[in-house]
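Following: one structure in structure tokens, then a few remarks.
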There are 2 protein chains.
Amino acid sequence: MKTIVLPAAEDLHIHLRDGELLKFIAPLAKAGGAGRVLVMPNLKPYIKNTEQALIYKKQLQLAEPELEYLMTLYLNPNLTVAEIQKAAENGIIGIKSYPKGVTTNSESGLENYEIYYPIFAEMEKYNLVLNIHGEMPSNEAQNICIMNAEEYFLPNLERIHQNFPKLRIVLEHITSKAAVELIKRLGITVAATITPHHLELTVDDWAGQNHNYCKPVAKYPVDRQALREVIKENNSKFFLGSDSAPHLKSLKENACACAGVFSSSHLMPYLAEIFDKLNCLEQLENFTSRFGQNFYQLKPLNKSIKLVNIPNQIPDSFKINFLKDELVPFWAGKNINWQVELI
Amino acid sequence: MKTIVLPAAEDLHIHLRDGELLKFIAPLAKAGGAGRVLVMPNLKPYIKNTEQALIYKKQLQLAEPELEYLMTLYLNPNLTVAEIQKAAENGIIGIKSYPKGVTTNSESGLENYEIYYPIFAEMEKYNLVLNIHGEMPSNEAQNICIMNAEEYFLPNLERIHQNFPKLRIVLEHITSKAAVELIKRLGITVAATITPHHLELTVDDWAGQNHNYCKPVAKYPVDRQALREVIKENNSKFFLGSDSAPHLKSLKENACACAGVFSSSHLMPYLAEIFDKLNCLEQLENFTSRFGQNFYQLKPLNKSIKLVNIPNQIPDSFKINFLKDELVPFWAGKNINWQVELI
């Protein structure tokens, strides 16, 4: 029986929610093989300052003490230069920007990056990371829609990088060949996260299949191929961020579904299955641990996991009794060949 | 109060199902303003010969005697040259081809058109119409997916037309600028149907919204614009085929939805609303009646309808009591400004 021992995963993009749901979700993230997670700030209301982030961090630690949490703030017009310094001094690691209205709880997102240049300058100074959800809002007149929203966004990324070459930037959950090519071309301060589901899905897979529907949407076969190839190339600018986003079944199997794929609970089995299929299991540790650690300048984690090559059926759902609802994971019901054991 | 009197609509592409559901659906099609409908043959099992088509036609007439039915056969390997003659003599109007596996009940679709050349020659001789669902099956290696499946199909259409220039061909429910341009360029024996929903939707509208999910899927804003423009241009090669396809709510609001939009019940109010918004109400009669009649060489219908410019709320759903289910129409719950009255 083949086994692989590797460090617990760095999931450098995760949605853990708050309240009772958080208490349910955070332990599942640990069970899926994560050791450290970078937590998105798009709660309702969103995390706008250091104080709120630290309160949220305490809630996270109570919900699952054995995970390590990297905190972020939501880039917003009330963010001051002084707050950036405060954030850095209190261990906040990144600031997340959302274009207006393109994903869950992004109504407060931004429309114009230049107004944030003083903030970016301060972030550069204090070594904070800019985490970007890189999609343009849809615009009929400009033919921008969810299928090309990421590609249309890319010039914004390039412009920010040119103006702040030392600012570390992560383009989150990339989905397109164009994004892969741009990240490769830009300087070493620019990297990207890739989700398990975007290594696996194309547009065909979320058409009518809401559990595979997320933002940015999965795109053409050639785009997925570009993501797969860059993984196989072992390129250190591309590392794991699951974008795991729990939406209740009732909010997915309806007339107007929430966007997001829930992958925390089986994160490392998914990735072992995918990397195995792509014949690049030897790259897995770099993708799930070292590359992200290096980019974020993190100390190695003191925790290992074991991936075991045995049959594993993904559950159809997790019952969420207190909400009388369920949570449907990625690949629900599917038989895969890898399990994770925490050691 | 503005009213428009015009002939009952020619809906030259409709799915009416069979059995009890047919008895429910056919009267709704009349209520939506149709006078004559071209009925798709993709039942389970599909309509493979004249005899079956005539039996089905009787069921249709029983279900709703006031509609006129144009019948089609499903293009399949058992179709003989003799059957084409028989079909023509019995008033069958078209033969429908489905690429394998791309839409509802198309598992028996075709993969290679050349094997049907003897059939096409006979259809040309007997003046039958070839109705084509023009999508290539998805193919990762060739980067073919549901977003470009129609465009990749177009060379097949052109090839058939070149080989059978007198064969009348309808490319059904077109969704792309490329299709509009090709239809315009080809000879007068080639036309296309356009659905109300493809005049209205883009990819953004079916992402996570299964009631708007159909095959072919709605595409980019620029594609929708091409459809709108060709309507406004009053081009006689483009006419109404609703592709209205009733799928129960339980089969739409789930993890893996059926493809299809149900638009029969409010067909003419939808179109009046859309044409009104596009400032081309004066083109409506050509689109819903004359252009299709001319192409199909049909006698004018002896029936008129009245469109009335008053508030009209589309119902959230139709209850289907015998199935303990519902049917959700296009634009469910939406307030529009046009009603249809049968006169």
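Structure values in brief
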| read-out | value |
| --- | --- |
| Flag if A:Gln283 is touching a helix residue (DSSP H, G or I) at 6+ places or on another chain (Cβ under 7 Å) and in contact (Cβ under 8 Å) with a residue 40 or more places away in the chain | yes |
| Residue identified as modelled with pLDDT of 95 or more, among the β-branched types (Val, Ile, Thr) and either assigned to a loop (DSSP other than H, G, I, E, B) or under 19 Å from the mean Cα position of the chain (by Cα) (or both) among B:Ile92, B:Ile84 | B:Ile92 |
| In region A:109-143, the residues that are aliphatic (A, V, I, L, M), within 14 Å of another protein chain (Cβ to nearest Cβ) and not in a helix (DSSP H, G or I) | A:Met136 |
| Strands (runs of 3 or more DSSP E) enclosed by region B:1-78 - at least 2 residues per element that are closer than 22 Å to B:Ile314 by Cα | B:3-7, B:9-14, B:34-39 |
| Residue list for region B:257-307, filter: surrounded by fewer than 17 Cβ atoms within 10 Å (Cβ to Cβ), away from chain A (no Cβ under 14 Å) and either hydroxyl-bearing (Ser, Thr, Tyr) or over 18 Å from B:Gly241 (Cα atoms) (or both) | B:Asn279, B:Glu282, B:Asn302, B:Ser304, B:Lys306 |
| Considering residues of region A:203-245 that are more than 10 Å from chain B (Cβ to nearest Cβ) and at positive phi only, the residue surrounded by the fewest Cβ atoms within 10 Å (Cβ to Cβ) | A:Asn234 |
| Residue list for region B:265-309, restricted to those being of a type in the set (Phe, Trp, Tyr) and over 23 Å from B:Leu128 (Cβ atoms) | B:Tyr270, B:Phe275, B:Phe287 |
| Some residue of region A:76-84 being over 25 Å from A:Ala149 (Cβ atoms) and in contact with a strand residue (DSSP E or B) (Cβ under 9 Å, 6 or more places away or on another chain) | yes |
| Residues being within 14 Å of another protein chain (Cβ to nearest Cβ) and surrounded by 15 or more Cβ atoms within 10 Å (Cβ to Cβ) - total across region A:316-333 | 8 |
| Boolean, B:Ala31 is over 24 Å from B:Ala191 (Cα atoms), modelled with pLDDT of 95 or more and buried (at least 22 other Cβ atoms within 10 Å of the Cβ) | no |
| Candidates A:Leu342, A:Leu248 - the one that is over 27 Å from A:Val190 (Cα atoms), at pLDDT below 95, in contact with a helix residue (DSSP H, G or I) (Cβ under 9 Å, 6 or more places away or on another chain) and surrounded by fewer than 23 Cβ atoms within 10 Å (Cβ to Cβ) | A:Leu342 |
| Test: residue in region A:53-61 that is closer than 21 Å to A:Thr195 by Cβ and modelled with pLDDT of 95 or more | yes |
| Test for A:Asn112: is it of a type in the set (S, T, N, Q) and either at pLDDT 95 or above or on the phi > 0 side of the Ramachandran plot (or both) | no |
| Any chance A:Pro155 is surrounded by fewer than 22 Cβ atoms within 10 Å (Cβ to Cβ), touching a Ser or Thr at 6+ places or on another chain (Cβ under 9 Å) and more than 24 Å from B:Pro137 (Cβ to Cβ) | no |
| Failed criterion for A:Ile95 (all others in (1) within 14 Å of chain B (Cβ to nearest Cβ); (2) under 28 Å from A:Leu21 (Cβ atoms) hold) | (1) |
| Subset of region A:240-296 [hydroxyl-bearing (Ser, Thr, Tyr) and part of a loop (DSSP other than H, G, I, E, B)] | A:Ser242, A:Ser263 |
| Hey, A:Ile146 within 11 Å of chain B (Cβ to nearest Cβ) and closer than 27 Å to A:Val37 by Cβ or not | yes |
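The values are calculated or read from the model by the stated rules, or taken from the named source; none is laboratory data. Small disclaimer: the values here were computed from a predicted structure and weren't measured. Please note: Cβ atoms are built from the backbone with ideal geometry, for glycine as well, and neighbour counts cover all protein chains shown.
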